[in-house]
Amino acid sequence: RTEFTERVVRPPSRARILDVGCGTGDLLAFLPTGAEYWGWDVSRAYINAARARFGSRGHFVSGLITEADVMAMPPFDLVIACGVLHHLDDDAATTLLRLGRMALRHGGRFVSLDCAVVPGQNPMARLLIDLDRGQNVRHPEGYLDLARPVFDRVDGVLRHRAWVPYTYWMMEAAVAGEPGRDD
């Protein structure tokens, strides 16, 4: 999470951040204290744990995020989906990406972190990824193919972890030239 936060998220100190699929809100511990954080997850138990741990440092909501929810919230500098896309089929992932784009203000970014399958990866990493509950683990190009129709600029970086072998795809997407939402 440290590398993901430093390399991809790069949160400004006063950023407004929407974390979709926030789980227990663990990412909040890596963000600047001045950030306005909104954590959203379908698990009520995870949201309750996040509230217990972080209290009023964040806004925590349980449920499946919708377009109406996005439009009712303020626009965000960052939308984060950490470990989410590999749990969603292509249609649901595209919907999430579109909601993420809709939630962004001018100059905002969508960032994600997911496991990935690649040729030649460590066999233990591949086994651990095969055992993951996510049924839609993709090759990096598969994640890019989902995001490119939604965003103007999409980049990513593949990382292999060695201590406990694992393969991560960190992606960043933004809208170029077209305004986002304003406060």
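So for segment 51-69 (the condition being part of a loop (DSSP other than H, G, I, E, B) and among the polar types (S, T, N, Q)), does at least one residue qualify?
Taking every residue of segment 51-69 in turn, at least one turns out to be part of a loop (DSSP other than H, G, I, E, B) and among the polar types (S, T, N, Q).
Tell me, which residue of segment 88-117 that is out of contact with any strand residue (DSSP E or B) (no Cβ under 8 Å at 6 or more places or on another chain) and part of a loop (DSSP other than H, G, I, E, B) is farthest from Ile17 (Cα to Cα)?
Asp89
Take the residues in segment 133-142 that are in a helix (DSSP H, G or I) and of a type outside the set (Gly, Ala, Ser), then tell me which one is most open to solvent (accessible area, probe 1.4 Å).
Only one residue fits best here, namely Glu141.
Just for segment 155-178: of the residues that are of a type in the set (Phe, Trp, Tyr) and part of a strand (DSSP E or B), which one is least open to solvent (accessible area, probe 1.4 Å)?
Trp169
Looking only at segment 72-85, which residues are in contact (Cβ under 8 Å) with a residue 40 or more places away in the chain and either closer than 14 Å to Ile17 by Cα or open to solvent by 10 Å² or more (accessible area, probe 1.4 Å) (or both)?
Selection gives Met73, Pro74, Pro75, Phe76, Asp77, Leu78, Val79, Ile80, Ala81, Cys82, Gly83, Val84.
Identify, from the list Arg101, Arg105, the residue that is under 24 Å from Thr66 (Cα atoms), in contact (Cβ under 8 Å) with a residue 60 or more places away in the chain and in contact with a Pro (Cβ under 6 Å, 6 or more places away or on another chain).
Arg105
Could you list, ordered by first residue, the pairs with Cβ atoms under 6 Å in which the first is in segment 34-58 and under 13 Å from Asp19 (Cα atoms) and the second is open to solvent by 70 Å² or more (accessible area, probe 1.4 Å), at least 6 apart or interchain?
Trp38/His59; Val42/Leu64
Condition first: of a type outside the set (Gly, Ala, Ser) and either surrounded by fewer than 18 Cβ atoms within 10 Å (Cβ to Cβ) or over 17 Å from the mean Cα position of the chain (by Cα) (or both). Now tell me which residues in segment 47-60 satisfy that.
Once the filter is applied, which keeps residues that are of a type outside the set (Gly, Ala, Ser) and either surrounded by fewer than 18 Cβ atoms within 10 Å (Cβ to Cβ) or over 17 Å from the mean Cα position of the chain (by Cα) (or both), segment 47-60 yields Asn48, Arg51, Arg53, Phe54, Arg57, His59.
Based on what the data block shows, is Gly120 open to solvent by 10 Å² or more (accessible area, probe 1.4 Å), touching a residue at least 40 places away in the same chain (Cβ under 8 Å), at positive phi and not in a helix (DSSP H, G or I)?
no
Taking segment 111-130 as the region of interest, how many residues are in contact with a Leu (Cβ under 7 Å, 6 or more places away or on another chain) and hydrophobic (A, V, I, L, M, F, W, C)?
So the count comes out to 3.
So which residues in segment 106-163 are in contact with a helix residue (DSSP H, G or I) (Cβ under 6 Å, 6 or more places away or on another chain) and among the charged types (D, E, K, R), if there are any at all?
If the condition is that a residue be in contact with a helix residue (DSSP H, G or I) (Cβ under 6 Å, 6 or more places away or on another chain) and among the charged types (D, E, K, R), then Asp114 is the only one that fits.
Here are Asp69, Asp145, Asp152, Asp130: which of them is within 30 Å of Asn48 (Cβ to Cβ) and open to solvent by 40 Å² or more (accessible area, probe 1.4 Å)?
Exactly one of Asp69, Asp145, Asp152, Asp130 is within 30 Å of Asn48 (Cβ to Cβ) and open to solvent by 40 Å² or more (accessible area, probe 1.4 Å), namely Asp69.
Just checking, how many residues over segment 1-46 are modelled with pLDDT of 90 or more, of a type outside the set (Gly, Ala, Ser), open to solvent by less than 70 Å² (accessible area, probe 1.4 Å) and outside any loop (DSSP other than H, G, I, E, B)?
Residues in segment 1-46 being modelled with pLDDT of 90 or more, of a type outside the set (Gly, Ala, Ser), open to solvent by less than 70 Å² (accessible area, probe 1.4 Å) and outside any loop (DSSP other than H, G, I, E, B): 13 in total.
The values are calculated or read from the model by the stated rules, or taken from the named source; none is laboratory data. All values reported here derive from a predicted model rather than from experimental measurement. We place every Cβ from the backbone using ideal geometry, glycine too, and count neighbours over all the protein chains shown. We work out accessible area using only protein heavy atoms, side chains counted, and drop any ligands, DNA or RNA first. Shrake-Rupley method; radii C 1.70, N 1.55, O 1.52, S 1.80 Å.
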